[in-house]
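The structure appears right after this line, and notes come after that.
The values are calculated or read from the model by the stated rules, or taken from the named source; none is laboratory data. Keep in mind that this is a model prediction, so the values were computed, not measured. Counting neighbours? That spans all protein chains shown, and the Cβs are built from the backbone with ideal geometry, glycine included. All accessible areas refer to the heavy atoms of the entire protein, side chains included, with ligands and DNA or RNA removed. Shrake-Rupley method; radii C 1.70, N 1.55, O 1.52, S 1.80 Å.
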Amino acid sequence: MALLRLLGLLPGALARPACGRALHRAVPPPAAPDFNSFVTRTNTCGELRSAHVGQEVTLYGWIQYQRQGLFLVLRDFQGLTQIIIPQDEAHSHVKKLLSDAPMESVVRVTGIVSPRPPGQENPKSEALRMQYRYLDLRSFQLQHNLRLRSQIVMRMREYLCNLHGFVDVETPTLFKRTPGGAKEFVVPSREVGKFYSLPQSPQQFKQLLMVGGLDRYFQVARCYRDEGSRPDRQPEFTQIDIEMSFVDQAGIQRLIEGLLQYSWPEERGCITTPFPSMTYEEALADYGTDKPDTRFGMKIVDISDFLRRSDIQFVQNALSYPHGTVKAICIPQGVRYLKNKDLESLKESAKSQFNQEIVEIICRPDRNLKSLLTKFLGEKQQSELIQALNMQVDDVALLAAGEHKQVCSALGRLRLESADLLEAAGLALRDPTTFHFLWVVDFPLFLPKEGNPTELESAHHPFTAPHPSDTSLLYSDPTKVRSQHYDLVLNGSEVGGGSIRIHSAEQQRFVLEKVLKEDSEVLSHLLEALEFGAPPHGGIALGLDRLISLIVDASSIRDVIAFPKSFRGRDLMGNAPDYVTPEELEPYHIQVSWPLAEKEAKQN
C-alpha cells in the first residue's frame, strides 16, 4: 500500500441547502458528474482534497514522473497526485515495481491520503499550474468556478438592465494619470514624451456619463493597478462598476443588496437583507480594522476606565496622552489550544508590525489571574477585570496600552491570528459555509499622508463628497470631516466600495487645490463638465474576483480567473512581461538602460 500526498490542489466546493425565492432563473446547471461510477477506482487524481486525509482510496492513472524510488506523480484527466513509494522491507516488491515502471505506464494505486508535512509544501506546484494553465483549466474545480462566475455575472446583468434600467457602457482603458489613489501603469505613445495611463477604475468616465444625462450606468470593467508584489492581488482585475444619478447612500446600498440577493447561487443558501451596518470608528474600536470578520466574537474590550485607578506605570503613561487607551482581547480556551510558542509569536507579531508591547493574562482554575499585572491588582480588582473581559477558566487575554488607533490595529491583527491558531488546533470558530455581509460607513474624508503627516490625502478618492453634516468643516478643519464613502465587507474581506460624489465644480476644485495640494489642471476636463450642471450622483464597484473567490471558498483569487498573473505580476505561461528590442522602442522615443545581467540575457 502506497502513501498518497496532496499536491496543494484546489479546495472542494461546499454545498448548502437551497432556499426557494420567487425569482426568474435560468435552467440550473446539472449536478456534478460522478467520474467514479461503474469503475473500481474511488477517486480521480484531481479530486483529492484535505477532507480525504486519512482515507484509503484507489486511483488509476499514468506515471508522469518518478524520483529515485522515493515517490512518483500519478496523472489522469483531472489532475495530479503524488504517490509516496513504501520503503519498508515488507513492501519491497511494490517499491521495485513502481521504481522500474517506465514513464507513462498505466497503474492502479491503493493507499492512505496524507497532506505534506508542515514546511514541506511544494512552492513550485502553483507555478507549474500557471505555466500550463490551459491544462489546469480542465480540472473540475476551475471549470466549476469559471462557469459559476459566468452565471453570476449574467444574473447581475439581468437585474441591472432588465429590472432597473441600467445601461451597459464600455469606457476607455487608455487615458491619463489620475491624482491620488493606487499607482497606474503607463503606456508609451508616439507623441514625444507623452504617455497614456491604464485607469485603476472608470471613475471619471462614469461621473462624466452622469453629467451626460445617462442616469444609470454599469460595466463589467477591466481595471489596472501597478501594485508590485502583493499577495493575492492581480495587476489587472474585474469590477462590477455602477453609477446612478439622483441617489443617496441608502439607495446605493439597497441596490447592491438586491443585486447580490438576485444573483446569489442557490447552492450557497440564502442571504438576508438588509445587511447590518457599522461606522468606521465602531469597526476600529471593536475589531481593530475597517473590514471586520463578524463570524466570531473575540471583540476588543476597552478597559481604560477600570485600570485608570491602578498603579501600573506603563498604563498611566499611555493614558496620559490625548488619545491614550488600554484595550484587550480574550482568547477562548487559549491555555488548552495554544502553546507557549504560539503566544510568544502573537506578541512578537504585535511588536514587529505595530511596535506594540503585549501583556498576557491567564484565567487560572481558581479564578485568579496569572500575569505580570497581578502584583498591582487586589483580589477584587482581579475579579472585576475577569468580569470586564468575560474571561472563563483557561482563557487568555492579550492587553495593549498606547495610542488608540495603534492599539486597536495591533489587537485587531492578533484577533485574526489567534483565530487561525485556534482553528489549526481544532477549535472551530468560523463556519466556512456562512456569509456575513456588513456595510462600513462614515469613514474620514481625509487621512494624514504616511510619508508626511502634515499633509492630507483622500481616504477613498478625491471625488468623494463630505458628509452633509460636516460640509462646513471642509473649509475650517478638514481633518474632522466624515465622508459619504461606504465599503461592503464579506467575512472579513472588502468586496465593494463606493461613495456619493462631489457634483459641485467649486467644491471639487477646493478639495484638489486647497486640501490635497494637487494640480487641478490634470482634471480640468472633469471640472469643466461639472460646471455645465451635474446631477447629484454616486456609485460603487464590486470586486468580482474577490466576491467569486469567497462564494466558492477558493484559497486565492487566482482560482477564479482564467489566466491569472503570479503574485509578482508575471504571466508564467506566456512569459510576460518580456524584453522589447531597441528597434521596437524607437517609434515611442524611449531608450532603456539595460542592467548588465539582462543585457547578457538578451544577447544570449
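Tabulated data
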{"item": "The chain, helix-only ellipticity at 222 nm - DSSP H runs n ≥ 4, -39,500 (n - 2.57), divided by all residues, nearest 500", "result": "-8000 deg cm²/dmol"}
{"item": "Kyte-Doolittle mean at least -1.0, axial Cα span of 24 Å or more - DSSP H helices of the chain", "result": "140-157, 404-424"}
{"item": "nm² value of the averaged projected area, convex hull over the Cα atoms of the chain", "result": "35.8 nm²"}
{"item": "Qualifying aspartates and glutamates (Cα of each under 19 Å from Cα of residue 565; at least 8 residues distant if same chain)", "result": "126, 136, 184, 226, 227, 232, 236, 545, 578"}
{"item": "Whole-Å distance, taken between Cα centres, linking segment 432-506 and segment 174-252", "result": "18 Å"}
{"item": "Cα gyration tensor shape for segment 181-276, rounded if a/c is under 1.5, else prolate or oblate", "result": "oblate"}
{"item": "Computed magnitude of the charge dipole of the chain (debye, nearest 20; Cβ of K, R +1, Cβ of D, E -1)", "result": "1300 debye"}
{"item": "Among 389-400, 55-66, 566-577, the order from most to least packed when residues are scored by Cβ within 10 Å on average", "result": "389-400, 55-66, 566-577"}
{"item": "Share of Cα-Cα pairs in segment 403-532 lying beyond 20 Å, as whole percent", "result": "58 percent"}
{"item": "Accessible surface, per residue, of segment 536-589 when the full set of protein chains is kept, probe 1.4 Å, Å²", "result": "46 Å²"}
{"item": "Pairwise label distance in nanometres, residue 420 with residue 270, each label 7 Å out on the Cα-Cβ vector", "result": "3.5 nm"}
{"item": "Per residue accessible area in Å² of segment 392-532, where ligands, DNA and RNA are left out and the probe is 1.4 Å", "result": "41 Å²"}
{"item": "Apportionment of accessible area to carbon and sulfur, the chain, percent (1.4 Å)", "result": "53 percent"}
{"item": "Tensor-based shape of segment 117-223 (alpha-carbon gyration tensor, a/c under 1.5 rounded, otherwise prolate or oblate)", "result": "oblate"}
